[in-house]
């Protein structure tokens, strides 16, 4: 039988220690997703893998949150993604 501590650690390991959270239908720049939303460089590169933007720098991509913790529908920003004061209303 497992102790409560081992069970709790197993649950944390299965669910992940850092949660990726973004608001569906909002747009985000890579730096915001990495700094405050729990995403990694690898997550963002994975999101554009297989798209026409696969070889672009992640900071040149505008990511659209499709579900909490998921990004997709990338858009290339020729001059980089521009941050704004309001969350989720980033643009190129």
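Since every read-out is calculated from the coordinates, none of them should be taken as a lab result. The structure presented is a predicted model; accordingly, all values stated were derived computationally and were not measured. In this analysis, Cβ positions are derived from the backbone assuming ideal geometry, glycine residues included, and neighbour counts consider all displayed protein chains.
Odds and ends about this structure:
- Length released on extending from residue 73 to residue 42, taking residue separation times 0.36 nm less the Cα-Cα span: 9.5 nm
- Considering only Cα atoms, the convex hull volume of segment 19-92 works out to 73 Å³ per residue.
- Pairwise FRET efficiency - residue 26 versus residue 82, Cβ, R0 = 22 Å, nearest 0.05: 0.90
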